[in-house]
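Below is one structure, written out as structure tokens; the observations come after it.
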Amino acid sequence: MVTAVRALDRKLLRDLRRLRGQVVAIALVVASGVALMIMSLGTHASLRSTAEAYYDRYHFADVFARLTRAPDRIAERIAQIPGIQRVETRIVRYASLDVPGVAAPVTAQIVSLPEDTAPALNALAFRTGRSVQSGRPNEVVIGEPFALAHGIRVGDRFDAILKGTRRTLTVVGIALSPEFVYAIAPGSLMPDDRHFAVLWMGRKALAAAFDLDGAFDNVSLSLLRGADPSDVIARLDDLLAPYGGTGAVERADQISNWFLMNELDQLRTMSRILPTIFLAVAAFLTNLVLSRLISTERSEIGLMKAFGYSKAEIAIHYAKLALAICTLGILLGWIAGSFLGRYNTALYNETFRFPFLYYRPGIAPFAIAAVVSLAAALGGALDAVRRAATLPPAEAMRPPAPPAYRHGAIPIPKGLDNSTRIVLRHILRAPVRSAMTVTGVAFAVGVLMLALQWSDALDRLVESEFHDTRRYDISVAFAEDRSRRVLHEMERLPGVLAAEPVRNVAVRFRSGHRSHRGTVTGLPAGARLEVIYDAVEGVIPVPEGGLVLSSRLAEKLQVGPGDPVEIEVLEGRRMKFSVPVVRLAEEYIGMPAWMDADRLRRLTREADGIARVNLLVDEAGEDALFAALKKRPDLAAIAVKRLAVEKFNETMGKIILVFTGFFLLFAGALSFGVTYNAARIGLSERGRDLATLRVLGFTRAEISYILLGETALLVLAGLAFGCGTGWALAAVMVSSFDTELFRVPLILLPSTYGLGVVGAACAAVMSAALVRRRVDSMDLIAVLKTRE
Amino acid sequence: MTGRSPGTADVSLETRGLTMVYRSGAVEVRALSDVDLQLKRSELVVLLGPSGSGKSTLLNILGGLDAPTSGQVFFDGREITAFSDRELTRYRRDHVGFVFQFYNLIPSLTAEENVALVTEIARNAMPPRDALDLVGLTARADHFPAELSGGEQQRVAIARAIAKRPEILLCDEPTGALDSTTGVLVLEAIDRINRELGTTTALITHNVGIADMADRVISLADGRIAEMRVNERKRRPAELSW
């Protein structure tokens, strides 16, 4: 039994027990890094494998195209395009719903289903009920999120206005679709399951409702393996152009999939940046503790060598200590990470809807996290272990020379008391170590600020989008263009204070070989309810002459003020023209472009119709207005700004709260780990000095000042640098979110700096209190009798 | 100025029935047994004895570093064995100077700063330079411990101990880590302090030769006072050899 564990390993176990405070502090930092890595990699792997399985099993299409109207026979011509595997023509329209108990109007996207058979592409994952049957034109299948939000069950009915006609629809099935993993109303950013629905109706019923008998207005394709999507899209666009095709997109640009992939990319970014910080700090702490242990064990090392232990055996002994600490951290991190990964994946499933969820992080994230952490720990231990291995036995048996201090390059100001001198000289004597402690604390502040910054940035984003740019309360879109008379009708509706038309035209921008598919927004001169808003300069007047481009779009097209941009209209008469860029505007959401509405109409040669109207509404009259709008048969979609903001804040608020909670724990572990180890090492190195001072008549408070004063000074510096670190981390994260859809502004409110500093400081104070307790229980005589 | 001769001076420190028992595991170690002792003002006492005889334990209790298992210690008539931790700190701060075998200087402070460390918190301290002058180290005032020899470090430790003009100076093997030539310099410093400042001094050594510089020699064995004798002729440290 006694020989089962080798003597050196027995020493290792005792060392671990003796150093348990420090061991746990380091293990927590490692665990935080590992947990973060597993959470993000695991969530990433799970969501990706779920999405892939979902897309595969339910035949998610590869290419999507919209058009105005094409006869069914065109489908055969589409099928002849080389590289196409399957073609599914459809009708996709918008309608408004009147759901009992919901004051605000509900917008629905209605997609046709072949009666009696399953669709060849974008199949439905039925949660309950069945598909629609032929000869029953009022049957619908509804999306599960909407059904859950309203408690709608199979057999329930509600009214819908389809192209001006009120119909009562019966729910026969509840389903999810790979096309609507992230289901958002046109123009919105976040799913709002209460006010946006996806419905599926029989093809014949929908064709009858929208006058599309024998025709279709939407097509999706799957491609043969190895087919070039851009070639297929080019041919498809040519084929559909006469039928009002607005340009096909491949799966990568399909809106739901785009959001999902974007989220996956962000998870990947997070899995790289944050764990790196934690593991680097853990490596430093391992080095700190091991170096100290080895310097206190010089004579033991000498003794072991005198007994005949080899350099390698000594090196392995101390390396094992680092590995043991790290292994503890890895195990804790594995447990926390798999829990957080599962939780996080489930949290994602509230926004991204899948019929099934594979939480299958696989062994890869666990293995990667373990290997990276062990490498970091060994890297941190390397220097200390090498010193132990190369210590000559005779020298190791002699006590080390007293630590050499000299009058340094940085003079200590005169007039300071000697306790403060001790503190300052000690910091200056080990500048690298001091700097690392400062860095560790700075990262703790930074990580916390990073989490808090999201709230600041999103608040600014919401304010910019919903307050500065969109100043209306409700925006209504008509099913078809209406005459200008409709503006007066709108103004006379109850509660409406002002009404202003807006025109959105689908176009392709071109400059040289660069192009972008987007929208030009036509605003009336002097528009007040929707304006061009520059993040820096504020409201920009609608120019008479040319185009205002969002700076992100200008960047993509590589144009600036004065440069011409080719515009190819993708609807109506499909005009092509060139307009100069007048100026740029910095926007956070999308890549918008604006023109004067009249000039846009002249260039597109469209009639003076109105497609969308923005309304300013007296809040007191809102319910009456909703009731009036629900009765109108000509509306396709109604967007209520207040509801969008509420939904955005609710969703983001929850996510931010959860993540800030996680990050508070992680940052706390970081701050605690760094501070505790710094103070404990300080105590170990200077226990003798402190005991001497106690003997000389210093009080406990006075010697605590010397020990913890050093730590406090370093922590204070760390807190100050942390503000800069937080800013820099936020800048890196924000730049990784710079997508075509949105940019996150780099905004850090004073409260974010404050909370970051306070959070990290609390953890530091806690660890200092623990060390102070040790100072209080120090045995003066025992310390003085030992010779270093 | 010479120290007052023993027997005629007032008592500075007194112990009554001092007993100290350490318990380590099942073993009971009796470090001191019923020790009665008086140290008179300005007296220089050498405590002699082999290791384990209890002399360090006695010194630690006299200095307020340790509490006895039973018995009492009086300083100027006040019972320090009844002091709280705060009062003991105050006692060490204002009345006691310590010199250790391993100097215990603060490595991050210069010689002068090490002395100032004490003068900053004491009530009636002399300027640090004056204390260094007493041990003959004014020239080395700006040096850090790592830049000083062992003997110099010990003299700085003595200057640090006496700079607050303590009533009592307790020295635990002050020459233990030094060769005899350097040791003499250190003892001369202690002797000079005793003579010039009238500090009651207790000096532990296991070196019989050093005992000749004392007013009184107390020998300890097995935690008891084995012998107490008054030196008829005190010798100067320079005359000592060991």
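The values are calculated or read from the model by the stated rules, or taken from the named source; none is laboratory data. Quantities reported herein were computed from a predicted structural model and do not represent experimental measurements. With ideal geometry, Cβ positions are generated from the backbone for all residues, glycine too; neighbour counts draw on all protein chains shown.
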Taking region B:66-81 and keeping residues of a type outside the set (Ser, Thr, Tyr) and either in contact with a strand residue (DSSP E or B) (Cβ under 8 Å, 6 or more places away or on another chain) or buried (at least 23 other Cβ atoms within 10 Å of the Cβ) (or both) leaves B:ASP66, B:PRO68, B:GLY71, B:GLN72, B:VAL73, B:PHE74, B:PHE75, B:ASP76, B:GLU79, B:ILE80
When you look at A:ALA628, is it more than 36 Å from the chain's Cα centre (by Cα), touching a residue at least 60 places away in the same chain (Cβ under 8 Å) and either closer than 30 Å to A:ARG492 by Cβ or not in a helix (DSSP H, G or I) (or both), yes or no?
yes
Within region A:216-239, can one find any residue that is on the phi > 0 side of the Ramachandran plot and modelled with pLDDT of 90 or more?
yes
State which residue is nearest to B:SER70 (Cα to Cα) when the search covers only region B:38-58 and only residues that are at pLDDT 90 or above and surrounded by fewer than 20 Cβ atoms within 10 Å (Cβ to Cβ).
B:GLN38
Please note which strands (runs of 3 or more DSSP E) are completely contained in region B:196-242 and include at least 2 residues that are more than 19 Å from the chain's Cα centre (by Cα).
B:224-230
A:GLU480 is checked against (1) within 12 Å of A:VAL613 (Cβ to Cβ); (2) of a type in the set (D, E, K, R); (3) touching a residue at least 12 places away in the same chain (Cβ under 8 Å) and fails just one. What number does that condition carry?
(1)
Looking at region A:578-621, which of its residues are crowded, with 16+ Cβ neighbours inside 10 Å, of a type in the set (A, V, I, L, M, F, W, C) and farther than 21 Å from A:LEU529 by Cα?
A:VAL579, A:VAL581, A:VAL582, A:LEU603
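Conditions tested, residue by residue: (1) farther than 25 Å from B:ARG216 by Cα; (2) over 15 Å from the mean Cα position of the chain (by Cα).
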residue: B:SER33; (1), (2): no, yes
residue: B:LEU44; (1), (2): no, no
residue: B:SER51; (1), (2): no, yes
residue: B:THR69; (1), (2): yes, yes
residue: B:ASP76; (1), (2): no, yes
residue: B:THR89; (1), (2): yes, yes
Hey, could you check region A:676-697 for residues that are within 7 Å of another protein chain (Cβ to nearest Cβ) and out of contact with any Pro (no Cβ under 8 Å at 6 or more places or on another chain) and say which is surrounded by the fewest Cβ atoms within 10 Å (Cβ to Cβ)?
A:ARG688
Residues that are aliphatic (A, V, I, L, M) and in a strand (DSSP E or B), drawn from region A:513-565:
A:VAL520, A:LEU523, A:ILE532, A:VAL539, A:ILE540, A:LEU547, A:VAL548, A:LEU549, A:VAL565
Tell me which residues, restricted to region A:249-270, are under 24 Å from A:ALA369 (Cα atoms), hydrophobic (A, V, I, L, M, F, W, C) and in contact (Cβ under 8 Å) with a residue 24 or more places away in the chain.
A:LEU264, A:LEU267, A:MET270
Taking only region A:699-708 into account, find how many residues are without any contact (Cβ under 8 Å) to a residue 40 or more places away in the chain and within 8 Å of chain B (Cβ to nearest Cβ).
1
Any residue that is within 14 Å of chain A (Cβ to nearest Cβ), at positive phi and more than 17 Å from the chain's Cα centre (by Cα) - is there at least one of those in region B:129-145?
no
Quick test of your reading of the structure: A:LYS576 fulfils all but one of (1) under 31 Å from the mean Cα position of the chain (by Cα); (2) of a type in the set (D, E, K, R); (3) at pLDDT 90 or above. Name the failing condition by number.
(1)
Flagged in region B:166-182 as part of a loop (DSSP other than H, G, I, E, B) and over 13 Å from the mean Cα position of the chain (by Cα), in numbering order, are B:GLY176, B:ALA177, B:LEU178, B:ASP179
Picking from A:SER511, A:SER483, the residue that is over 30 Å from the mean Cα position of the chain (by Cα), surrounded by fewer than 22 Cβ atoms within 10 Å (Cβ to Cβ), at pLDDT 90 or above and of a type outside the set (Asp, Glu) would be A:SER511
Could you run through region B:58-94 and say how many residues are part of a helix (DSSP H, G or I), more than 9 Å from every other protein chain (Cβ to nearest Cβ) and touching a residue at least 40 places away in the same chain (Cβ under 8 Å)?
4
Considering only region A:156-195, state which residues are over 17 Å from A:SER112 (Cα atoms), part of a strand (DSSP E or B) and of a type outside the set (Ser, Thr, Tyr).
A:ARG157, A:PHE158, A:ASP159, A:ARG166
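Quick grid of which residues meet (1) of a type in the set (A, V, I, L, M, F, W, C); (2) crowded, with 16+ Cβ neighbours inside 10 Å:
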residue	(1), (2)
A:GLU76	no, no
A:GLN80	no, no
A:TYR94	no, yes
A:LEU97	yes, yes
A:ALA104	yes, yes
A:GLN109	no, yes
A:SER112	no, yes
Quickly run through region B:96-110 and pick out the residues that are facing another protein chain (nearest Cβ under 8 Å), outside any loop (DSSP other than H, G, I, E, B) and over 12 Å from B:GLN154 (Cα atoms).
B:VAL96
Could you say whether any residue in region B:91-101 is charged (D, E, K, R) and either farther than 21 Å from B:ILE162 by Cα or buried (at least 18 other Cβ atoms within 10 Å of the Cβ) (or both)?
yes
Within region A:153-178, how many residues turn out to be in contact with a Gly (Cβ under 6 Å, 6 or more places away or on another chain) and basic (Lys, Arg)?
0
When (1) hydrophobic (A, V, I, L, M, F, W, C); (2) surrounded by fewer than 22 Cβ atoms within 10 Å (Cβ to Cβ); (3) modelled with pLDDT of 85 or more are applied to A:ILE330, the one that fails is (2)
Among the listed residues B:GLU113, B:GLU152, which satisfies the condition of being within 10 Å of another protein chain (Cβ to nearest Cβ) and part of a helix (DSSP H, G or I)?
B:GLU113
